[in-house]
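This report refers to the structure that appears directly beneath it.
The values are calculated or read from the model by the stated rules, or taken from the named source; none is laboratory data. All of these numbers come straight from a predicted model, not from anything done at the bench. Positions of Cβ are backbone-derived with ideal geometry, glycine not excepted, and every protein chain shown enters the neighbour counts.
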């Protein structure tokens, strides 16, 4: 997979971002924001993992794993709809290999591969996950990020004040809403505040929940993180082929 895949031309179904992108987006998407500074992405892409086994290997895929000192619990597979487990499928997107495609209408995320195939992950979506669509790039990524709730959320839930930007945000950990990894989405050089991230709430995959952007099970976001280099193109749409 190339180290620096160029962004495709701007496409936004709702024209949500424009000249005032940062100001408009921050009102709805900052639930996914963090307090960490933006690092420059430099150096070669993270080595990609070999293909995972298909249906027969799910117990290994979603087993408990120790990552960066955190023990991530196993996923109770019998309680998860098999449609939302990681699997290789025929690519329905028509996008170039290396592109991340989030289809909010089906709660699927596709990583497009060679030979008309794609690696598909199930995702959960919050309000912020529906509020943005278009083409952008995955500018950078972070292991075990901090999380900062937006002021509007703190207004509704005053108990979150202790995690405000002024107080340094919520430290990384198993209960952090951004989970084990976060991918940070930029458009035209600006942070959209749109995140693809992990979540300890495996039961929310395939569902629309109250807050957040695009969430994957922690085992899946770790797998995706290892496969995508910085500046990978991303498309968020409602319905494959819908601009």
Only one of (1) modelled with pLDDT of 95 or more; (2) surrounded by fewer than 20 Cβ atoms within 10 Å (Cβ to Cβ); (3) within 12 Å of the chain's Cα centre (by Cα) does not apply to residue 108, and that is (2)
Of the residues that make up segment 126-135, is at least one surrounded by 20 or more Cβ atoms within 10 Å (Cβ to Cβ), at pLDDT 95 or above, in contact with a helix residue (DSSP H, G or I) (Cβ under 9 Å, 6 or more places away or on another chain) and within 17 Å of residue 100 (Cβ to Cβ)?
no
How many residues are under 25 Å from residue 185 (Cβ atoms), in a loop (DSSP other than H, G, I, E, B) and over 18 Å from the mean Cα position of the chain (by Cα) if we restrict to segment 70-92?
2
